[in-house]
Amino acid sequence: MHVTATELGLPALRGTAKRDPGRPDDSRLIDGFGRVATDLRISLTDRCNLRCTYCMPAEGLDWMPREEQLTDAELVRLVTIAVRDLGVHELRFTGGEPLLRKGLEEVIAASAALEPRPDISLTTNGIGLARRAEALAAAGVNRLNVSMDTLRPERFASITRRDRLSDVLAGLAAARAAGLEPVKINSVLLRGVNDDEATDLLAFAVEHGYELRFIEQMPLDAQHGWQRAEMITAGEIMEKLATRFTLTPDGEERGGAPAERYLVDGGPSRVGVIASVTRPFCGACDRTRLTADGQVRSCLFARTETDLRALVRGGASDAEIADVWRYAMWGKLAGHGIDDPGFLQPDRPMSAIGG
Ligand code: SAM
Ligand code: SF4
């Protein structure tokens, strides 16, 4: 019987990207389409204490064995190479749930001590943030995003399968009190579940001084249940918001930022919409990604990975690792191709890549 890699549950094709002799001699993470990756997204763990229905099944996933995960020292070494040798100047720690990673504050403090000092942010579900916000700020986190899809406790419990909305709200307030500004809220709207809350979420964010960003649901769930026709599009989100607010483009240069940003009722409050599916921004992408087990991915939707952990554990020098990372990014595809007839969802779910 023929068994595919996907059926075996193996992650995308792993290995080392070919050394294309056509790659210009440039120390940065350039690709063949003129983009330069300067923003490193790091997944610290694939584990999570919530079970958002659009992300993972109720029973969770087969978590990565501890020995496969990079140690703090291995991780800091790769981050150092990225910042010092490859021109990365933004770091975002995510997961899974990054607050579950032991040693998080130490990893952040080591990253913040690098030269040039990178900008450091965190994407978290907010559980436990109330206790940690001060320490995270002291360690060097500049900004953070907290995910919250609803303001209704029963709804929160059914979307995340845990009754923890009050923890998230406390986490948001603690983040602001710790000066981690701007505190952003990430919301995913699901048809028939919370899509009637778009305006309530924005009113809440405006009232409390948080910056809300709606994210279009992407085909990255572990269950492979995403359906294009079911997702709430950016266009629909804008229509819903327009029933209660006047939105005008904020006029700022977007650069590689995924969110289209609008002033709410003339400002200063803003709202962002990340239309990854209906208005992809791949042409301006400046991201490179590192999974908790030390694989470089050039895109959330990449189907190949480059194994830096094997190099780290095999005694490779910093220069060798940097070079392999450069070639991994040189081969980045032009776009994610969600709309292509041959689109294949990556084998790793969002929670194991780092969203
Ligand atoms: N656990 C943390 C959290 O929820 O913020 C960090 C990881 S989570 C994968 C990062 C972000 O991705 C969250 O805002 C979450 O709502 C979003 N997300 C998860 N699955 C998604 C999907 N299929 N499409 C779009 N966004 C998704
Ligand atoms: Fe956990 Fe974040 Fe996925 Fe929700 S979206 S299950 S909080 S990793």
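Coordinate-derived values only; no laboratory data. Predicted, not measured: the structure shown is a model, and the values here were computed from it. Glycine also receives a Cβ, built like all others from the backbone with ideal geometry; neighbour counts cover every protein chain displayed.
Numbers for the structure displayed
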quantity: Ellipticity estimate at 222 nm from DSSP helix runs (n ≥ 4, -39,500 (n - 2.57)) divided over the chain, nearest 500; calculated: -8000 deg cm²/dmol
quantity: Relative counts (whole %) of C-alpha pair distances in the stretch 224-323, using bins that are 5 Å wide; calculated: 2, 10, 15, 14, 14, 13, 10, 8, 7, 4, 2, 0
quantity: J(HN,Hα) series, the stretch 54-60, from Karplus relation 6.51 cos²θ - 1.76 cosθ + 1.60, nearest Hz, glycine and proline x; calculated: 8, 10, 8, x, 4, 7, x
quantity: Under-5 Å amide H pairs with Arg92, H placed in peptide plane, nonlocal only; calculated: Leu40, Arg41, Ile42, Ser121
quantity: Degrees, to the nearest 10: 72-85 long Cα axis against longest axis of the chain; calculated: 80
quantity: Sequence-distant residues sharing a close amide H with Gly355 (under 5 Å, placed H); calculated: Gly95, Gly96
quantity: Nearest-ten-degree value, helix 165-177 long axis tilted from longest Cα axis of the chain; calculated: 80
quantity: Inter-probe distance in nm under a simple model that places probes 7 Å from Cα toward Cβ, at Arg279 and Glu115; calculated: 4.2
quantity: Unit charges on C-beta of K, R, D, E only; dipole of the stretch 13-333, Debye; calculated: 320
quantity: ³J(HN,Hα) computed for each position of the stretch 226-231 - Karplus, 6.51 cos²θ - 1.76 cosθ + 1.60, integer Hz, glycine/proline x; calculated: 4, 10, 3, 5, 8, 6
quantity: Exposure proxy order (Cβ contacts within 10 Å, fewest to most) of Ser317, Ser111; calculated: Ser317, Ser111
quantity: Rounded if a/c under 1.5, otherwise prolate or oblate - the stretch 1-156, Cα gyration tensor axes; calculated: oblate
quantity: Cα gyration tensor shape of the stretch 154-216, rounded if a/c is under 1.5, else prolate or oblate by comparing a/b with b/c; calculated: oblate
quantity: Spatial separation of Cα centroids for the stretch 50-65 and the stretch 203-259, in angstrom; calculated: 24
quantity: Percent of Cα pairs exceeding the 37 Å cut-off, where the set is the chain; calculated: 15
quantity: Lys240, Lys184 arranged by Cβ crowding within 10 Å, fewest neighbours leading; calculated: Lys240, Lys184
quantity: Model label zone, Ser27; criterion: amide N under 20 Å from point 7 Å along Cα-to-beta-carbon; scope the stretch 107-138; calculated: 111-119
quantity: Phi-based couplings in Hz for the stretch 342-355 (Karplus 6.51, -1.76, 1.60; Gly and Pro marked x); calculated: x, 4, 10, 5, x, 6, 7, x, 3, 5, 9, 8, x, x
quantity: Nearest 10 degrees, 0 to 90: helix 318-330 Cα axis against the chain principal axis; calculated: 60
quantity: Total lysine pairs whose alpha carbons fall under 29 Å of each other in the chain (8 or more apart, or interchain); calculated: 4
quantity: The stretch 225-264: C-alpha gyration tensor shape, a/c 1.5 cut-off, then a/b vs b/c; calculated: oblate
quantity: Farthest toward positive dipole pole in the chain [+1 Lys/Arg, -1 Asp/Glu at C-beta], among Val88, Leu201, Pro249; calculated: Val88
